[in-house]
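J.: Sharing a structure with you now.
The numbers here are math on the coordinates, done by the rules we state, and not lab data. Bear in mind that the values here come from a model prediction, so they are computed numbers and not experimental data. Here the Cβ is made from the backbone with ideal geometry for all residues, glycine too, and neighbour counts use every protein chain on show.
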Amino acid sequence: MPHTKSAKKNLRKNEKRRVYNRAVKRTIKTHLKRFLAAVDGPLDKLQDEYNLAAKKLDKAASRKVIHKNLAARKKSQMARLLQKKKTTTPAS
């Protein structure tokens, strides 16, 4: 346990940040799973899920919850799946 006043405050701050970071990471994982589940569905639903997931990734990376390269890599992987779906779907 911390002894000094500043160490106690840092402990409180770290706990708040840990809880926030865990919640953000859980939200990102949820949106990535939703995107992967939407791959079999219609294209517009997939596009919406991509937009939401990319937004969450960007926000987490800007707040340094996750590394910016991780966010870029995940967005790239999703974009590749989205583009494959767009090209294989016949134009209507």
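J.: Give the residue from ASN69, ALA53, ALA79 lying farthest towards the positive end of the charge dipole for the chain; charges sit on Cβ (+1 for Lys and Arg, -1 for Asp and Glu) and the dipole is referred to the Cα centre.
T.: ASN69
J.: Taking Cα pairs under 8 Å and at least six residues apart, what relative contact order does region 12-86 come out at, in percent?
T.: Relative CO of region 12-86 lands at 32 percent.
J.: Something else: Could you tell me how many degrees, from 0 to 90 and to the nearest 10, lie between the Cα long axis of helix 5-38 and the main elongation axis, the longest principal axis, of the Cα atoms of the chain?
T.: 10
J.: Now for a separate question. Normalised by the empirical 2.2 N^0.38 Å for globular proteins, what value does the Cα Rg of the chain take?
T.: 1.48
J.: Among the lysines, which fall within straight-line cross-link reach of LYS33, defined as a Cα-Cα distance under 22 Å, with same-chain neighbours fewer than 8 residues apart omitted?
T.: Filter leaves LYS25, LYS45, LYS55, LYS56, LYS59, LYS64, LYS68, LYS74, LYS75, LYS84, LYS85, LYS86.
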